[in-house]
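*Asks:* Got a structure for you, questions after.
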Amino acid sequence: MAVRIAPSILAADFTRLGEQVAEAEASGGDLIHIDVMDGRFVPNITMGPLVVEAARRSTSLPLDVHLMIVEPERYIADFADAGADRITVHIEASPNLHRTLQSIHAAGCAAGVALNPHTPAASLSEIMHMVDVILVMTVNPGFGGQSFLAEILPKIRQLRTMIVDSGRQIDLGVDGGIDTTTVQQVVAAGADVLVAGSSIFSKQFSVQHGIQQLQAALIKG
Ligand code: DX5
Ligand code: ZN
């Protein structure tokens, strides 16, 4: 199974966002992950469609937009117009998930569903036929730099089984606390997209170094 790396720009230096995104692409990043937070679904406030547009101008990699916002259905067209390729909403924020996923597809994007730590894998059982991306939160959403929650590993395994049983091509991403010490565990459990912020963007090392270290840890596993 090919494992892809999605650098999360939440940890990037925003004074030179374009350069950092371009460096992530040049260093072998596969997707650019953009964390949208509204101060309501999660305590933090981050970025919106303007930043997605700016990232769009800096890379040809797919833009993976993670909406940690209430009523995500209100903003799908805005993020699609800004250049998103994949839009992921939280199941906990989406009482009409079926309709929301239809809207994401109608906007021309791949449709993702994110699960908070307490949300069971089975909550997706009736919607698997519409999902292109599952994003398992391995921290509580809202902030970069938190510690990986190992208790989520069984859920990753369950979701991998559900994906195989569905017979569909569905990406299984993990988000939060992904670094050289955790990549092997999540990949062994079945994840194939690794979202990583602070292990890639840091003042201490280059983006290239961060991505290479993750790749090296994957090979060792
Ligand atoms: C957290 C965000 C993540 C964040 C991960 O709510 O969804 O994408 O950037 O950051 P790290 O990799 O530092 O845990
Ligand atoms: Zn994210």
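*Asks:* Considering each of ASP179, ASP192, ASP165 in turn, give the residue that is within 16 Å of the chain's Cα centre (by Cα) and open to solvent by 40 Å² or more (accessible area, probe 1.4 Å). If you could, list the steps in order and put the result at the bottom.
*Replies:* Values: ASP192 fails: open to solvent by 40 Å² or more (accessible area, probe 1.4 Å); ASP165 fails: within 16 Å of the chain's Cα centre (by Cα).
Exactly one of ASP179, ASP192, ASP165 is within 16 Å of the chain's Cα centre (by Cα) and open to solvent by 40 Å² or more (accessible area, probe 1.4 Å), namely ASP179.
*Asks:* Looking at segment 1-12, which of its residues are in contact with a helix residue (DSSP H, G or I) (Cβ under 6 Å, 6 or more places away or on another chain) and over 18 Å from ILE134 (Cβ atoms)?
*Replies:* PRO7, ALA12
*Asks:* For ILE34, all conditions in the list (1) part of a helix (DSSP H, G or I); (2) aliphatic (A, V, I, L, M); (3) within 13 Å of ligand 1 (Cβ to nearest atom) hold save one; what is the number of the exception?
*Replies:* (1)
Rundown of residues vs (1) within 16 Å of ligand 1 (Cβ to nearest atom); (2) in a strand (DSSP E or B); (3) open to solvent by less than 10 Å² (accessible area, probe 1.4 Å); (4) touching a Gly at 6+ places or on another chain (Cβ under 8 Å), yes/no style:
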| position | (1), (2), (3), (4) |
| --- | --- |
| ALA80 | no, no, no, yes |
| THR88 | yes, yes, yes, yes |
| GLY108 | no, no, no, no |
| HIS118 | yes, no, no, no |
| VAL136 | yes, yes, yes, yes |
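*Asks:* Is segment 16-26 home to any residue that is touching a residue at least 24 places away in the same chain (Cβ under 8 Å), open to solvent by 40 Å² or more (accessible area, probe 1.4 Å) and not acidic (Asp, Glu)?
*Replies:* yes
*Asks:* Tell me which residues, restricted to segment 195-214, are buried (at least 16 other Cβ atoms within 10 Å of the Cβ) and either out of contact with any helix residue (DSSP H, G or I) (no Cβ under 8 Å at 6 or more places or on another chain) or within 19 Å of ASN140 (Cα to Cα) (or both).
*Replies:* Passing the criteria: VAL195, ALA196, GLY197, SER198, SER199, GLY210, GLN213.
*Asks:* Can we say VAL113 is within 16 Å of ligand 2 (Cβ to nearest atom), under 12 Å from LEU67 (Cβ atoms) and buried (at least 19 other Cβ atoms within 10 Å of the Cβ)? Spell out the reasoning first.
*Replies:* On the way: within 16 Å of ligand 2 (Cβ to nearest atom): yes; under 12 Å from LEU67 (Cβ atoms): yes; buried (at least 19 other Cβ atoms within 10 Å of the Cβ): yes.
The answer is yes for VAL113.
The values are calculated or read from the model by the stated rules, or taken from the named source; none is laboratory data. Keep in mind that what you see is a predicted model, and the values were worked out from it rather than measured. All Cβ positions, even for glycine, are placed from backbone atoms using ideal geometry, and neighbour counts span all protein chains on display. Side chains included, ligands, DNA and RNA excluded: accessible areas come from the protein's heavy atoms. Shrake-Rupley method; radii C 1.70, N 1.55, O 1.52, S 1.80 Å.
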